[in-house]
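Take a look at the structure set out below.
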Amino acid sequence: MIEGGAEWLHMDVMDGHFVPNISMGAPVLSCVSRGVPGIFMDCHMMVAQPEKWVNDIADAGGSLYCFHIEATSDAVSLIRAIRDRNMKAGVAISPDTPSTAITDEIGAAADMLLVMTVYPGRGGQKFLERCVPKVAELRSRFPDKDIEVDGGVGPKTIDACANAGSNVIVAGTAIFGAPSPEDVIAQLKATITTAQARLPAA
Ligand SMILES: O=C(CO)[C@@H](O)[C@H](O)COP(=O)(O)O
């Protein structure tokens, strides 16, 4: 995990593009940042024009700005703009986008690559197994990058993600719907740690 444990928080930022009438943005992030000083906010930008929000998210305390490659025509310039605001840069792909959309140039410039295993929008969707080979393909091209998987990840699907080379897991329903969230977190972490130890050194 990038920053480890409860210090790291995945925030879904939305402008109504993926899920009509639902938006969450910088004001919420500012509250979290003030309430939990030092928290690492991994901001998943499910927005139509990711270029528009870099300054707002940086000012709100965002630590990592992860945009969808489908939503921009110049990913490398956007990564530069994110870095200029002292945030890490992430690049996300939706289920129907091939991993090759993340070119060697884009992948090398980014800090984190996010493979969505559900359609961007709502929690509680079914894990799309067919997206897993994209994780393996990205891991083979980018051995030293953080590779995040998001959507439908839990005790039943973590093995596939971990074995494909993901080292950053987003889990909502599996944790918040569990009788013992701590146990689920511990299991997900242990599975990733074990699989990472098996990977050849980057
Ligand atoms: O961004 C998304 C969905 O768009 C995810 O962050 C989900 O919200 C994770 O929830 P679960 O799939 O784990 O319930």
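Inspect all residues belonging to the stretch 68-82 and state whether any of them is free of Cβ contacts under 8 Å to residues at least 60 places away in the same chain, among the acidic types (Asp, Glu) and in a helix (DSSP H, G or I). Reasoning before the result, please.
In the first step, residues of the stretch 68-82 are kept if they are free of Cβ contacts under 8 Å to residues at least 60 places away in the same chain; the result is 68-82.
In the following step, the residues that additionally are among the acidic types (Asp, Glu) were identified as 70, 74.
Keeping just the survivors that are in a helix (DSSP H, G or I) gives 70.
Yes, there is a match, as at least one residue in the stretch 68-82 is free of Cβ contacts under 8 Å to residues at least 60 places away in the same chain, among the acidic types (Asp, Glu) and in a helix (DSSP H, G or I).
Pairs please, first residue from the stretch 102-130 and in contact (Cβ under 8 Å) with a residue 24 or more places away in the chain, second anywhere and aromatic (Phe, Trp, Tyr) and more than 9 Å from the ligand (Cβ to nearest atom), Cβ atoms under 7 Å, 6+ apart in sequence or on different chains.
Correct list of pairs: Gly107/Phe142; Leu113/Phe142.
In the list Ala202, Ala160, Ala164, Ala190, which residue meets the criterion of being small (Gly, Ala, Ser), away from the ligand (no atom under 16 Å from the Cβ), modelled with pLDDT of 95 or more and under 26 Å from Thr103 (Cα atoms)? Give the derivation first.
Numbers: Ala202 fails: modelled with pLDDT of 95 or more; Ala160 fails: away from the ligand (no atom under 16 Å from the Cβ); Ala190 fails: under 26 Å from Thr103 (Cα atoms).
Criteria check complete, one pass: Ala164.
Which number in (1) within 16 Å of the ligand (Cβ to nearest atom); (2) out of contact with any His (no Cβ under 9 Å at 6 or more places or on another chain) marks the one condition that Ala58 misses?
(1)
From (1) of a type outside the set (D, E, K, R); (2) in a helix (DSSP H, G or I); (3) buried (at least 18 other Cβ atoms within 10 Å of the Cβ), pick out the condition that doesn't hold for Pro133.
The one condition Pro133 does not meet is (3).
From the list Pro143, Pro179, Pro200, which residue is surrounded by 13 or more Cβ atoms within 10 Å (Cβ to Cβ), of a type outside the set (Phe, Trp, Tyr) and assigned to a loop (DSSP other than H, G, I, E, B)?
On the way: Pro179 fails: surrounded by 13 or more Cβ atoms within 10 Å (Cβ to Cβ); Pro200 fails: surrounded by 13 or more Cβ atoms within 10 Å (Cβ to Cβ).
Result: Pro143 is the single residue among Pro143, Pro179, Pro200 that is surrounded by 13 or more Cβ atoms within 10 Å (Cβ to Cβ), of a type outside the set (Phe, Trp, Tyr) and assigned to a loop (DSSP other than H, G, I, E, B).
Is it true that Leu9 is within 14 Å of the ligand (Cβ to nearest atom), surrounded by 14 or more Cβ atoms within 10 Å (Cβ to Cβ) and not aromatic (Phe, Trp, Tyr)?
Yes.
Quick one: count up the residues across the stretch 80-99 that are closer than 17 Å to Val115 by Cα and either touching a His at 6+ places or on another chain (Cβ under 9 Å) or of a type in the set (A, V, I, L, M, F, W, C) (or both).
7
Working carefully through the options Val132, Val149, find the one that is within 13 Å of Cys66 (Cβ to Cβ) and either touching a strand residue (DSSP E or B) at 6+ places or on another chain (Cβ under 9 Å) or more than 16 Å from the ligand (Cβ to nearest atom) (or both).
Val149
So which residues in the stretch 23-38 are more than 15 Å from the ligand (Cβ to nearest atom), surrounded by fewer than 19 Cβ atoms within 10 Å (Cβ to Cβ) and among the hydrophobic types (A, V, I, L, M, F, W, C)?
Correct list: Cys31, Val32, Val36.
Please find, among Ala164, Ala174, the residue that is touching a helix residue (DSSP H, G or I) at 6+ places or on another chain (Cβ under 9 Å), in contact (Cβ under 8 Å) with a residue 24 or more places away in the chain and crowded, with 17+ Cβ neighbours inside 10 Å.
Ala164
Okay, residues lined up against (1) without any contact (Cβ under 8 Å) to a residue 12 or more places away in the chain; (2) touching a Phe, Trp or Tyr at 6+ places or on another chain (Cβ under 9 Å); (3) of a type in the set (D, E, K, R); (4) over 22 Å from Cys161 (Cα atoms):
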{"residue": "Asp15", "(1), (2), (3), (4)": "no, yes, yes, yes"}
{"residue": "Cys66", "(1), (2), (3), (4)": "no, no, no, no"}
{"residue": "Val91", "(1), (2), (3), (4)": "no, yes, no, no"}
{"residue": "Ser94", "(1), (2), (3), (4)": "no, yes, no, no"}
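Mind checking which residues of the stretch 83-129 are assigned to a helix (DSSP H, G or I) and away from the ligand (no atom under 16 Å from the Cβ)?
Arg83, Asp84, Ser99, Thr100, Ala101, Asp104, Glu105, Ile106, Gly107, Ala108, Ala109
The values are calculated or read from the model by the stated rules, or taken from the named source; none is laboratory data. What you see is a predicted model, and the numbers here were worked out from it, not measured in a lab. Methodologically, a virtual Cβ is constructed for each residue, glycine included, from the backbone with ideal geometry; neighbour enumeration extends over all protein chains shown.
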